[in-house]
1. Exactly one of (1) closer than 23 Å to E107 by Cβ; (2) of a type outside the set (A, V, I, L, M); (3) part of a loop (DSSP other than H, G, I, E, B) is unmet by E70. Its number?
2. Residues V34, V92, V69: which one is of a type outside the set (F, W, Y) and touching a Ser or Thr at 6+ places or on another chain (Cβ under 7 Å)?
3. Within region 44-53, does at least one residue satisfy the condition of being among the charged types (D, E, K, R), at pLDDT 55 or above and either surrounded by fewer than 16 Cβ atoms within 10 Å (Cβ to Cβ) or outside any helix (DSSP H, G or I) (or both)?
4. Going by the conditions given, is G84 assigned to a loop (DSSP other than H, G, I, E, B) and either buried (at least 16 other Cβ atoms within 10 Å of the Cβ) or in contact with a strand residue (DSSP E or B) (Cβ under 9 Å, 6 or more places away or on another chain) (or both)?
Amino acid sequence: MNPPRHLLLACLVAIVGIAMTGCGRDPAALRAEVGSAPVVLLSTAWCGYCRKLRGDLAEWGVAYEEFDVESSEAGRNAYGMVGGRGVPILLVGDAVVHGYSPRRARELIATAGLGAASP
């Protein structure tokens, strides 16, 4: 059974809306919230992928600032500003990486000339 076309269109609009959340964010306001560290990790204490990303950053020799989105007001605010929908979220300069994506994280870090994270 195929769903009606209008339901498919409504779902597509909702998905695009979710994906666009945070696209209109204000980088200056975000940086005012989390500071000027080139690399910022938004995480939780219990998240396994956050733990993996912390390990990757350490392995790559990348210094970073970390905010727990559950226990830090700045972390919660930043999470909302970037349209958070899960953790980890990595900020590299003005770029935002949602989820555990080591390849994309390494690319951004290498492009920024930070750490030994050449792709």
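The values are calculated or read from the model by the stated rules, or taken from the named source; none is laboratory data. On a predicted model such as this, the values are computed, not experimentally measured, just so you know. Reconstructed Cβ throughout: ideal geometry from the backbone, glycine too, with neighbour counts over all protein chains shown.
1. E70 satisfies all of (1) closer than 23 Å to E107 by Cβ; (2) of a type outside the set (A, V, I, L, M); (3) part of a loop (DSSP other than H, G, I, E, B) except (1).
2. Details: V34 fails: touching a Ser or Thr at 6+ places or on another chain (Cβ under 7 Å); V92 fails: touching a Ser or Thr at 6+ places or on another chain (Cβ under 7 Å).
That would be V69, the only listed residue that is of a type outside the set (F, W, Y) and touching a Ser or Thr at 6+ places or on another chain (Cβ under 7 Å).
3. So far as region 44-53 goes, yes, one or more of its residues are among the charged types (D, E, K, R), at pLDDT 55 or above and either surrounded by fewer than 16 Cβ atoms within 10 Å (Cβ to Cβ) or outside any helix (DSSP H, G or I) (or both).
4. On the way: assigned to a loop (DSSP other than H, G, I, E, B): yes; either buried (at least 16 other Cβ atoms within 10 Å of the Cβ) or in contact with a strand residue (DSSP E or B) (Cβ under 9 Å, 6 or more places away or on another chain) (or both): yes.
Yes: the conditions hold for G84.
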